[in-house]
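**Q** Just dropping this structure here.
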Amino acid sequence: MTDAIQAPVPQDRVLIFDTTLRDGEQSPGATMTLEEKLQIATLLDEMGVDIIEAGFPIASDGDFEAVTAIARQAQNAVICGLARANFKDIDRCWEAVRHARRPRIHTFIGTSPLHRAIPNLDMDQMAERIHDTVTHARNLCDNVQWSPMDATRTEHDYLCRTVEIAIKAGATTINIPDTVGYTAPRESAALIRMLIERVPGADAITFATHCHNDLGMATANALAAVEAGARQIECTINGLGERAGNTALEEVVMALRVRHDIMPYTTGIDTTRIMQASRLVATVSGFPVQFNKAIVGKNAFAHESGIHQDGMLKNAETFEIMRPEHVGLNATSLVMGKHSGRAALRSKLAELGYTVGDNQLADVFVRFKELADRKKEVYDDDLVALMQDTDTNAANDRIQVRRLRVVCGTDGPQTAELTLAVEGIEHATSAIGDGPVDAAFKAVQSIVPNDARLMLYQVHAVTEGMDAQATVSVRLEEGGKIVTGQSADTDTIVASTKAYVNALNKLMVRRLKTAPEAQTA
Ligand code: KIV
Ligand code: ZN
């Protein structure tokens with residue numbers, strides 16, 4: 001099969017390779033379920049990402065299933081899986097990605113002195129391994145990417161030698177990773193330039209740049225690599241990724257759009273979907289976006305100081321280099337109230353990127369009315385939180401919160417009375433705690449005993465005001481498996497309890513023992 005993406009890329013076109021589901025998911029705690037990965041992949045595909053790195057198929061059965069499912073459903077994007085430099089990894093990767101209309105195998109090996117020591121291969125042995133594994137991958141798939149991991153700390157002569165071997169063995173994309181976030185813009189550009197000049201066959205393949213943000217230079221390093229000739233940027237939504245993260249998709253895409261005058265390159269990204277992608281990834285991963293984060297931070301388009309507001313009223317360009325609507329933020333985010341009807345809700349949800357069928361609209365409408373009763377004004381962000389809560393706390397979950405009553409006071413302790421439905425059967429209990437959240441969590445534990453360790457408990461206000469909804473993230477660890485649960489509600493304790501239960505559902509506690517003291521209601 002011939003893949004258009006392998007045809008020479010027009011000189012000004014930069015391919016966007018999103019690795020949120022692979023490198024992003026490798027952030028400790030950012031583990032995602034299959035449904036969540038599918039949801040993110042659908043959005044990435046719709047917004048014009050050229051290549052989606054969907055996972056590392058040999059890493060676990062869950063990763064394999066996710067890559068397979070994403071490969072089956074993708075409409076436009078190339079679907080890529082990661083494989084180490086051995087036949088078993090590559091075969092497993094191919095088994096998963098081969099279902100895609102446009103599959104890609106991405107295989108890598110660490111080429112720097114420190115990384116060569118890990119498999120204990122000398123330079124010649126590693127060169128042979130690269131030849132054999134890339135050849136093997138290319139025999140399976142006509143779209144093969146090869147990465148010399150830690151390229152920015154690899155001896156230049158050896159880097160050129162290995163890149164040449166990979167190209168001769170059939171690699172169609174050569175990715176140059178700055179694995180530890182060590183390089184700087186001038187060096188990032190010089191490295192790509194050096195490879196293009198020195199490696200025979202370099203003009204027939206695409207060079208990619210893959211930067212980590214340990215020194216805060218990932219975006220600058222990626223853009224410098226593009227100016228030197230790289231035509232694929234590897235990045236993640238919100239810059240999610242191990243340690244300080246990866247190059248942020250929204251930053252490179254908007255930089256290329258806003259400063260097209262000095263960086264005349266284009267991408268295929270529909271930038272108006274950026275906010276939606278950012279919110280989805282923040283919710284699913286439980287990694288909130290910092291307020292002052294470029295492009296997608298809550299304050300990125302807020303102009304609070306008097307001087308700024310005055311300037312903005314006269315001419316938006318005084319302090320704004322891009323329009324909020326270019327990244328999917330509406331000029332006015334005040335949406336509806338309790339008198340709004342179903343049609344208005346459906347059209348508002350469509351505007352926010354959610355296409356809902358009649359049944360889902362009926363469910364969401366009930367929840368919207370409940371929210372509108374409790375909250376004076378319902379904003380876009382409230383609706384997004386409500387939709388994400390509907391997705392994460394599904395009606396078929398094994399454990400569901402039915403009722404919660406918490407008694408608080410200055411002279412504690414606090415008491416929680418809780419009813420949970422566990423596989424359809426209601427159980428009621430009450431617990432005392434050091435604070436209302438502690439009491440509610442203890443009540444959950446008494447109905448669903450578990451050994452999960454609480455790693456993170458985080459509360460965010462969705463909008464301003466005393467009646468704002470809270471979104472709560474709860475990260476749990478059990479037997480090495482880490483999951484993040486979420487929920488949103490105007491009542492922080494209800495949101496906390498539901499987020500905790502959501503995390504337990506994700507852990508799919510197999511030994512769902514019902515404690516003897518919890519009564520069946
Ligand atoms: O950072 C890195 O080196 C990687 C490789 C697997 C491409 O993520
Ligand atoms: Zn990486």
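The values are calculated or read from the model by the stated rules, or taken from the named source; none is laboratory data. The shown structure was predicted, so the numbers you read here are calculated from the model rather than taken from an experiment. All Cβ positions, glycine included, derive from the backbone under ideal geometry; neighbour counts span all protein chains shown. Quick note on the areas: whole protein, heavy atoms, side chains included, nothing else; ligands and nucleic acids left out. Shrake-Rupley method; radii C 1.70, N 1.55, O 1.52, S 1.80 Å.
**Q** Looking at the range 148-156, can you tell me whether even one residue there is in the same structural domain as Ile237 (by TED's automatic domain parsing), over 26 Å from Asp12 (Cβ atoms), free of Cβ contacts under 8 Å to residues at least 60 places away in the same chain and more than 16 Å from ligand 2 (Cβ to nearest atom)?
**A** Residues of the range 148-156 that are in the same structural domain as Ile237 (by TED's automatic domain parsing), as a first pass: 148-156.
Now drop any that are not over 26 Å from Asp12 (Cβ atoms), which leaves 148-150, 153-156.
Restricting the remaining residues to those that are free of Cβ contacts under 8 Å to residues at least 60 places away in the same chain gives 148-150, 153-156.
Still in the list and also more than 16 Å from ligand 2 (Cβ to nearest atom): 155-156.
Within the range 148-156, one or more residues are in the same structural domain as Ile237 (by TED's automatic domain parsing), over 26 Å from Asp12 (Cβ atoms), free of Cβ contacts under 8 Å to residues at least 60 places away in the same chain and more than 16 Å from ligand 2 (Cβ to nearest atom).
**Q** Among the residues of the range 478-494, write down those that are closer than 14 Å to Gln458 by Cβ and more than 22 Å from the chain's Cα centre (by Cα).
**A** Thr492, the sole residue that qualifies.
**Q** Of Asp451, Asp411, which residue is within 32 Å of the chain's Cα centre (by Cα), outside any strand (DSSP E or B) and not assigned by TED's automatic domain parsing to the domain that holds Asp380?
**A** Details: Asp411 fails: within 32 Å of the chain's Cα centre (by Cα).
Checking each option against the conditions leaves just Asp451.
**Q** Same structure again: Under 9 Å between Cβ atoms, at least 6 apart or on separate chains: pull out the pairs that start in the range 395-413 with a residue that is among the small types (Gly, Ala, Ser) and end on any residue that is surrounded by 15 or more Cβ atoms within 10 Å (Cβ to Cβ).
**A** Gly412/Gly433
**Q** Then there's this: May I ask you to say which residue of His136, His106 is more than 13 Å from ligand 1 (Cβ to nearest atom), in contact (Cβ under 8 Å) with a residue 24 or more places away in the chain and in the same structural domain as Ala218 (by TED's automatic domain parsing)? Show your work before the answer.
**A** Working: His106 fails: more than 13 Å from ligand 1 (Cβ to nearest atom).
The conditions single out His136.
**Q** Checking Cys141 against (1) within 16 Å of ligand 1 (Cβ to nearest atom); (2) without any contact (Cβ under 8 Å) to a residue 60 or more places away in the chain; (3) open to solvent by less than 10 Å² (accessible area, probe 1.4 Å), which single condition isn't satisfied?
**A** So Cys141 meets the others, but not (1).
**Q** To continue, here is another question. For Arg153, which of the numbered conditions (1) under 22 Å from His212 (Cβ atoms); (2) in contact with a helix residue (DSSP H, G or I) (Cβ under 6 Å, 6 or more places away or on another chain) fails to hold?
**A** Status for Arg153: all satisfied but (2).
**Q** Could you look through the range 225-258, keep only residues that are more than 17 Å from Asp23 (Cα to Cα) and not in a helix (DSSP H, G or I), and pick out the one that is farthest from ligand 2 (Cβ to nearest atom)?
**A** Among them, the one singled out is Gly229.
**Q** Still on this model: Would you be able to tell me the number of residues in the range 191-214 that are open to solvent by 50 Å² or more (accessible area, probe 1.4 Å) and more than 15 Å from ligand 2 (Cβ to nearest atom)?
**A** Count: 7.
**Q** So how many residues does the range 414-430 have that are open to solvent by 80 Å² or more (accessible area, probe 1.4 Å) and assigned to a strand (DSSP E or B)?
**A** Number of matching residues: 2.
**Q** Consider Ile167 against the criteria (1) open to solvent by 10 Å² or more (accessible area, probe 1.4 Å); (2) in contact with a Ser or Thr (Cβ under 6 Å, 6 or more places away or on another chain): it satisfies all of them except one. Which criterion is unmet?
**A** Failing condition for Ile167: (2).
**Q** Next question, about the same structure. When you scan the range 348-377, how many residues do you find that are of a type outside the set (Gly, Ala, Ser) and either within 23 Å of Ile274 (Cβ to Cβ) or assigned by TED's automatic domain parsing to the domain that holds Ala468 (or both)?
**A** Result for the range 348-377: 7.
**Q** Also: Limited to the range 242-292, what total is found for residues that are closer than 24 Å to Thr179 by Cα and open to solvent by less than 10 Å² (accessible area, probe 1.4 Å)?
**A** Summing the residues that are closer than 24 Å to Thr179 by Cα and open to solvent by less than 10 Å² (accessible area, probe 1.4 Å) in the range 242-292 gives 14.
**Q** Those residues that are under 21 Å from the mean Cα position of the chain (by Cα) and either among the basic types (Lys, Arg) or within 16 Å of ligand 2 (Cβ to nearest atom) (or both), I need them from the range 96-128; list them, please.
**A** Hits for the range 96-128 are Arg104, His106.
**Q** Could you tell me which residue of the range 259-300 is nearest to the chain's Cα centre (by Cα), considering only residues that are polar (S, T, N, Q) and in a loop (DSSP other than H, G, I, E, B)?
**A** Gln290
**Q** Now for a separate question. Kindly establish whether Leu34 is open to solvent by 20 Å² or more (accessible area, probe 1.4 Å), under 14 Å from the mean Cα position of the chain (by Cα) and aliphatic (A, V, I, L, M).
**A** yes
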